[in-house]
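The values are calculated or read from the model by the stated rules, or taken from the named source; none is laboratory data. The model shown is predicted, which means the values in this text are computed figures rather than measured ones. A quick note on method: Cβ atoms are made from the backbone with ideal geometry, for glycine too, and the neighbour counts reach across all protein chains shown. Note: accessible area is taken over every heavy atom of the protein model, side chains too, but ligands, DNA and RNA are not part of it. Shrake-Rupley method; radii C 1.70, N 1.55, O 1.52, S 1.80 Å.
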2 protein chains.
Amino acid sequence: MNIKRYFPILQWLPLYSRETLVSDLLAAVIVTLMLIPQSLAYAMLAGLPPEVGVYASIAPLILYAIFGTSRTLAVGPVAIIALMTAAAAGNMAIQGTEEYVTLVLVLTFMSGVMLLLMGIMRLGFLANFLSHPVISGFITASGLIIASSQVRHLLGLEVEGANFFMVIHGLFSSLGEIHLISVILGVGTLVFLYANRRWGKSFLNRAGVSLYTADMLSKASPVFAVTMTTLITWHWQLDQVGVRVVGHLPSGLPPFSLPPMHPALWQDLFVAALLISIMGFVGSVSVGQTLAAKRRQRIDPDQELIGLGAANLGAAFTSGMPVSGGFARSSVNYDAGAATPAAGAFSAIGFAVVALFMTPLITYLPVATLGAIIIVSILSLIDFKSIQHTFAYSKSDFAAMLITIVATLLLGVEVGILAGVGLSLLLYLYRTSRPHYAVIGRLPNSEHFRNAERHAVETDERLVLLRIDESLYFANSRYLEDIVMGLVIRYPQVRHLVLSCQAVNLIDASALDSLRTINRRLKDSGVQMHLAEVKGPVMDRLKTTDFLDEMSGVVYMSTYDAWKVLHERAEAEESGQSND
Amino acid sequence: MNIKRYFPILQWLPLYSRETLVSDLLAAVIVTLMLIPQSLAYAMLAGLPPEVGVYASIAPLILYAIFGTSRTLAVGPVAIIALMTAAAAGNMAIQGTEEYVTLVLVLTFMSGVMLLLMGIMRLGFLANFLSHPVISGFITASGLIIASSQVRHLLGLEVEGANFFMVIHGLFSSLGEIHLISVILGVGTLVFLYANRRWGKSFLNRAGVSLYTADMLSKASPVFAVTMTTLITWHWQLDQVGVRVVGHLPSGLPPFSLPPMHPALWQDLFVAALLISIMGFVGSVSVGQTLAAKRRQRIDPDQELIGLGAANLGAAFTSGMPVSGGFARSSVNYDAGAATPAAGAFSAIGFAVVALFMTPLITYLPVATLGAIIIVSILSLIDFKSIQHTFAYSKSDFAAMLITIVATLLLGVEVGILAGVGLSLLLYLYRTSRPHYAVIGRLPNSEHFRNAERHAVETDERLVLLRIDESLYFANSRYLEDIVMGLVIRYPQVRHLVLSCQAVNLIDASALDSLRTINRRLKDSGVQMHLAEVKGPVMDRLKTTDFLDEMSGVVYMSTYDAWKVLHERAEAEESGQSND
C-alpha cells in the first residue's frame, strides 16, 4: 500500500496491455517530434546551450514515469522556469561561461531536493500561498520579459538590460543596427506561427482535413518552421552573411554531471531554488489536475512533489536544467492519446535518439527561429483580460496582482513573487481583522434571526444578539472587544449580550483571552454574556478550559433558545422591579 | 466634530468642574509620589541615567492629556519598552556613553513619528498581528531577561551577557565576588516588597486599616523602601564601602534635546522603533480599555496612537526615553480617583518639582534598591500558567508562544517578536488552508441538513451536498478543488453537486478561479454544479462576474430548496431512463 503510494508505477505497470503500449508509443513519437524545437528554445531562454534542452528531456521523463501520479503530464523545460533560472544564475555569473552552467546544475539539484523534501514532509500546501492573481500577474510579467528578451534574436540585435524597461529602451535605441535577413527569417517565422495558431486549424479543417489531423498538423507548425528555416539557411549559407545559427552541437547521450556541493552557494541560491520549485510545482499540478479531471482520474499533489523532485535530480546529474510539467507538452501528449506515464518514458527514448543522431541536422537552425517559437508560445501566457477581471472583482486581489507585475518588471522575478505573496497575505489578514458583524433580531413568528438593520425584526434593547461572520482569531480578537464595548455604550439598557457563533469556525487562544476580557468588562458594566450556536469542534475546545464556568452567562443551542429564555427573564426582572 | 476627534481635550475640558479638579489633584499627588522610584528604576533598566525616567514623566504626560482618549491611563517609562530600548541602543553603542543617550533619543523620536503616522493613517489594526500567545510569551521572556539583568545589582556584581543564558551563566560563575552589604540591602528590599505585595494589604486590613488606605499604603511600599535604604546608606556612608548608589543627579527641568536626523541611523533603528511602537501601543491600549470598561467609557485606538505619538515626541525633545501607558502607573492613577487626563498633567507638574528640587535627596539611593523594585514589579509579568493553559488549549498557539520565548531568550527581543508573529501567521494560514468540510444530508422530515457522517440523515448518491466551513480564498482554493474531485470519484453515481455556502464569508479571486475550474472539471465528468445559501455580500460580488452564467447549475436560496428540486429531478431522470 505505502510502497504503491511512493511508487505509482506499481499501480499501472502490472495492468499494462498491448493496447496501451500502442497508444503510448504513438503519443511518444508525436511528443518527441513536436517538442524538439521547444526544448532547444527554452534552453536558449535559460541562457544555456540548446542541447541542454534535449538532455533535460531524457532522464527526468523516465523518473517522472516512475514517481509521478499523472497519467498524461509531460515534464521537461518550460518557459517560466527557464526565465527564473536565467535570472537566478545570471545574478552570479555571465551567460555562456562554465560557471553559469554549473550554477544552473546547482539550482536544478537544489530544486530537486526541495521538491522531494516537501513531498516527503507533505508540504504541498505551501504552494497555496501563491494566490491566483499573484501567479497570473507573475506569468503575464514574465511573458512580457521573455518576449522582450527574444525580440533581439528576431531583429539580430545584441541588447542586454537589468529589467524589462531597460531592455525595451535598449531595443529602441539600437533599432538602426537591425540585421535584415535575420528579421525576414525571424519575423517571417513569427507571422507564420501566429497565423497558424489563430487560423491554421480551422483553415485545414475547411480544406477537408479531419479535425484531429488538422489539430496535430497545426501543433506541428514549429517543426515545420524549424525545418524550413534551417534548410533555407543551409542552402544559401546565410550564417556567412550574419544570420546567427545554433551551430555545431555535440552528439551523444547527455554527459553525467555532478553539481558542486558548496554550502555557501546553496545559501545564495536558496530563495531562487525555492521559488523555482514552488512555481514549477504550481504550474505542473494545475496542468495535471486539469487533464486528470477530463478522464475522471486523480493526482496526488504531495506525490507529484516527489515525482518532480526525482525528475529534477535526474536533470541535475545528466547536464540538464530545471524541469516541470508544461502545459504545451502535456496537452500534446494528452491529445496524442498517451494512456500511461510510459508514454513519457518512450519519448525520453525518442529524445535520446535525437541527442545521439540528430544534432548535426540543426547546425544551421537560425536563432531567430527559436526566438519566434518562444514569443508565440509565450503570447498565450500574457493575459491582460485577467487583470481587467480581477480589477472588477476585487480591489485587494487586484492590488496584489499589480504589485507582482510592477515588481517583476522592475525588480526581477524573485522580488516580484515575494512582493505579491507578502501583500496578498497582509490584505487577507486585514480583511479578516475587521469582520462583518450584525446585531440580529427575530423575524416575527419564526425561529430565524436576521440583521436588525436590514430586516423588520423584533428586538429587545435589554438583550443584544450579536452575530460575527468570521472565525475569531488573533487578527480580529481586539476588534471584537471594540465591537462589544461599543454596543454596550450604544444600548445603555442592555442586561444580556448573546454572541451568536454560527459563522465562527475557530476560536484561537487570543480570541479566548478576548472573550475572557469581554466577559470581565461586561460584568463590570453589569451585563451578562452568553454564547449561542457554538459549533461542535469549537465547543469541544472551549470545554477544555474554565472559560465556560467563568462566563457570567450560559451557552444556548440556538439563538432562538437564548432569545426565548432571556427575553422572558428580562420581562420578569422588569415587572419584578416595578413591583418593588 | 473632527477637531474634537483629534483633540479629545476639547471633549472634557469645557465640562471641567471643581469636584473633578479636587479628585485629579489628589490622584496626581499620589501618582507622583508612588511612581518616582519606578521612573528612576526603568531609566536604569534602559541603561540611562536615573533622572531620564523623571524627565520622561513630564512633557509626555501633558501631551497625552491633550491628545489621549483614556481618562485614566498614565504614560511614562515602562519595563518592557525600557528593555527593548536597551536592546536596540545597546546593539550600536555602549551604555553610559553620550552616543547611547543619543541613540535612545532617536528611537524615542522615531517611535513618536511612527505612532503619529499610524494614528493618522488609522493603522491601529497592525497591532492585531501580535497574537496573545506571542505577546504573553514575549512578556514572560522579557520578564526573565529583566529579572536576570537586575540580579547583578542585588548582588553587587558586574555581569554582562549577549543573551539570557549567558547572563545566568555569568551570574553563577561570579558568585564568589558577591558584595555582602549590597546583598543585604537588595535582597532585604526584595523580600520586603515581595512580602508586602503578597500579604501587605490583608495584613494592614486585619490590623484595622481601611481597605482603601491599606491598598494605598501597600502600593507605597517602594517609596518606603527607597526612603529607608537611602537613609541607611547615607547614615552609615555605605557608598564608601562599595555599595553602588545613584549618585549626584542634576537639578532642574529636563534640558531641551534635539535627536539627530541621520537617515542612515533611522534605517538601522527602523525595525526596533517599529516594534517598540507597536508593543507600547498594544500594552497601552489593553490597559486603557480595561480601565475604561470599568466606568463604561470608551477609548479610540487610532486616536490613542496619536496620543502616544505626541507623548513620545515630547520625550524625544526633553531628554527623555520611549514612553507608553503602563499598567502599574495607570492603576495607581485609577485607584487614586483620577477623573480626567488633567490628573496626568498635574502629576507632570509633580515630576517637574521632583526634577527641580528633590534630586539631591536620592544621591544615596542604592542601585540595589532599584534592582529589587524592578524585579518585584516584573515578577507579575512572568506568567508560566498562561504557557500551560495555551498548551492545553491549542498546540499551534503554544508553538507560536514557545518560539517567541525561546527566540527572545536566545536571540533577543526583536528576533523573538518577529519569529512569533511569523509563525503565528503561517500556522493560521495553514489551518485555514485545510478547512473542515462535510457531506451533508437531510434530517428526516425537516429542512435541516447535517454532516452525514455524524447524523442519521437522508442522502441521495446522485446528489452530493457539500458544506465548507471556511471562507474561500487563495490558501484553500486548491484544496477545495481536491475535495470536490475526490467526491466525484467517491460517488461515481453523482449527477449534481451542491456547494452549501453558509459559512463562506468571502470568495476571493483565486477561489473564484477555482470555482470556474471545478465547474469545468465537473462538466467534463458529467456533473452539474450548484450553489446554495450564498451570503448577500458574497452574492453581490459574484454577480459582477460571468461565473453564474458559466456555471452548469443554478444558485438556490437554501440547501433545502436545492435538495427538493434536484432530488425530484434525479428521480424523474431515473424513471425516464428506466422507461427507455
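Quick rundown of the values:
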{"quantity": "Dipole in debye (nearest 20) - region B:437-579, about Cα centre, beta carbon charges: Lys, Arg +1; Asp, Glu -1", "calculated": "140 debye"}
{"quantity": "Average accessible area per residue (Å²) across the protein assembly as shown - probe 1.4 Å, nucleic acids and ligands excluded", "calculated": "42 Å²"}
{"quantity": "Base-10 log of normalised Debye intensity for chain A (one unit scatterer per alpha-carbon) at q = 0.06, 0.09, 0.10, 0.11 Å⁻¹", "calculated": "-0.44, -0.77, -0.87, -0.98"}
{"quantity": "Distribution of pairwise C-alpha distances over region A:344-464, 5 Å bins, in %", "calculated": "2, 8, 8, 9, 9, 8, 7, 10, 9, 7, 5, 3, 3, 3, 3, 3, 1, 0"}
{"quantity": "Nm distances between copies for B:S552, ranked from closest, using label points 7 Å along Cα→Cβ", "calculated": "5.5"}
{"quantity": "Charge context of B:L157, other residues only, Cβ under 13 angstrom, K/R +1, D/E -1", "calculated": "-1"}
{"quantity": "For region B:34-98, alpha-carbon Rg over 2.2 N^0.38 Å", "calculated": "1.19"}
{"quantity": "Farthest toward positive dipole pole in region B:398-495 [+1 Lys/Arg, -1 Asp/Glu at C-beta], among B:L465, B:M401, B:G416", "calculated": "B:L465"}
{"quantity": "Given charges at beta-carbon only (K, R positive; D, E negative), |dipole| of chain A in Debye", "calculated": "1360 debye"}
{"quantity": "Chain lengthening between B:R197 and B:L180 when straightened (0.36 nm per residue, less Cα-Cα)", "calculated": "3.6 nm"}
{"quantity": "Helical contribution to [θ] at 222 nm, DSSP H n ≥ 4, -39,500 (n - 2.57), averaged over chain B, rounded to 500", "calculated": "-20000 deg cm²/dmol"}
{"quantity": "Charge dipole magnitude, Cβ of K and R +1, D and E -1 - the protein assembly as shown, Cα centre, debye nearest 20", "calculated": "800 debye"}
{"quantity": "Approximate spin-label separation B:F357-A:H455, in nm, with each point projected 7 Å along Cα-to-Cβ", "calculated": "6.9 nm"}
{"quantity": "Antiparallel bridges, percent of DSSP beta bridges restricted to the protein assembly as shown (to nearest 5)", "calculated": "50 percent"}
{"quantity": "FRET efficiency for A:Y560 and B:D383, using Cβ-Cβ distance with R0 set to 35 Å, rounded to 0.05", "calculated": "0.30"}
{"quantity": "B from A by rotation - nearest chain A beta carbon to the axis, in Å", "calculated": "A:A503, 3"}
{"quantity": "Distance between modelled label sites at A:R298 and A:I489, nm, 7 Å Cα→Cβ extension", "calculated": "5.3 nm"}
{"quantity": "Cα centroid separation, region A:441-475 to region A:144-197 (Å)", "calculated": "63 Å"}
{"quantity": "Cβ neighbours within 10 Å from other chains - mean over B:491-498", "calculated": "0"}
{"quantity": "Label-point gap, in nm, between B:M121 and A:L26 - each point 7 angstrom along Cα→Cβ", "calculated": "6.2 nm"}
{"quantity": "Longest site-free stretch - chain A; sites: GluC sites (Glu not before Pro), DSSP loop, at most 12 other Cβ within 10 Å", "calculated": "A:161-446"}
{"quantity": "The protein assembly as shown - percent of accessible surface contributed by carbon and sulfur, probe 1.4 Å", "calculated": "64 percent"}
{"quantity": "Pairs from A:K535/B:K543; B:K543/B:K564; A:K523/B:K219; A:K294/B:K523 whose Cα-Cα separation, in the structure shown, is over 21 Å", "calculated": "A:K535/B:K543; B:K543/B:K564; A:K523/B:K219"}
{"quantity": "Angle in degrees between helix A:301-316 and the longest Cα principal axis of chain A, rounded to the nearest 10", "calculated": "30 degrees"}
{"quantity": "Using alpha-carbon coordinates, inclination of helix A:132-155 to the longest axis of chain A, degrees", "calculated": "20 degrees"}
{"quantity": "Folded to 0 to 90 degrees: helix B:384-393 orientation relative to chain B principal axis, Cα", "calculated": "0 degrees"}
{"quantity": "Hz values of 3J(HN,Hα) by residue in region A:542-559 - Karplus curve (6.51, -1.76, 1.60), Gly and Pro given as x", "calculated": "4, 5, 6, 10, 9, 4, 5, 6, 5, 4, 5, x, 10, 9, 9, 4, 10, 4"}
{"quantity": "3J(HN,Hα) from dihedral phi, region B:456-464, Karplus parametrisation 6.51/-1.76/1.60, rounded to Hz, x for glycine, proline", "calculated": "7, 10, 6, 10, 9, 6, 8, 9, 9"}
{"quantity": "Per-residue average of Cβ from other chains inside 10 Å of A:134-146", "calculated": "1"}
{"quantity": "Heavy-atom accessible surface that A and B bury in contact, both chains counted, 1.4 Å, Å² to 100", "calculated": "6200 Å²"}
{"quantity": "Complex-versus-alone comparison for region B:472-489, residues with a loss of 40 Å² or more in accessible area, probe 1.4 Å", "calculated": "B:F474, B:R478, B:D482, B:I489"}
{"quantity": "Sites excluded, trypsin sites (Lys or Arg not before Pro) in DSSP loops with at most 12 other C-beta within 10 Å, longest stretch of chain B", "calculated": "B:123-453"}
{"quantity": "Rg/Rh ratio calculated on Cα atoms of region A:437-579 (Kirkwood radius)", "calculated": "0.95"}
{"quantity": "Rg/Rg_ref, the protein assembly as shown, where Rg_ref = 2.2 N^0.38 Å and atoms are Cα", "calculated": "1.11"}
{"quantity": "Length gained when the stretch A:S331-A:I349 is fully extended (0.36 nm per residue, less Cα-Cα span)", "calculated": "4.5 nm"}
{"quantity": "Counting DSSP beta bridges with both ends in chain B, the antiparallel % (nearest 5)", "calculated": "50 percent"}
{"quantity": "FRET efficiency, B:I3 to B:Q95 (Cβ-Cβ, R0 45 Å, nearest 0.05)", "calculated": "0.55"}
{"quantity": "Under Karplus coefficients 6.51, -1.76 and 1.60, residue-wise ³J(HN,Hα) of region B:72-89 in Hz, glycine/proline x", "calculated": "10, 5, 10, 9, x, x, 10, 4, 4, 5, 4, 5, 5, 4, 4, 5, 5, 5"}
{"quantity": "Sequence-distant residues sharing a close amide H with A:Q528 (under 5 Å, placed H)", "calculated": "A:H496, A:L497"}
{"quantity": "Global form of region B:424-484, assessed from the alpha-carbon gyration tensor, a/c cut-off 1.5", "calculated": "prolate"}
{"quantity": "Region A:221-354 shape via C-alpha gyration tensor axes, a/c threshold 1.5", "calculated": "oblate"}
{"quantity": "Residues in region B:504-537 that, when all protein chains are in place, have 40 Å² or more less accessible area than the chain alone would give (probe 1.4 Å)", "calculated": "B:N505, B:L506, B:A509, B:S510, B:R521, B:D524, B:S525"}
{"quantity": "Kirkwood estimate for region A:90-194, i.e. one over the average of 1/r between Cα atoms, Å", "calculated": "17.0 Å"}
{"quantity": "For B:Y556, distant residues with modelled amide H under 5 Å away", "calculated": "B:L531, B:A532, B:E533"}
{"quantity": "Beta bridges per DSSP with both ends in region A:437-579, % antiparallel, nearest 5", "calculated": "40 percent"}
{"quantity": "Sequence-distant residues sharing a close amide H with B:A56 (under 5 Å, placed H)", "calculated": "B:M321"}
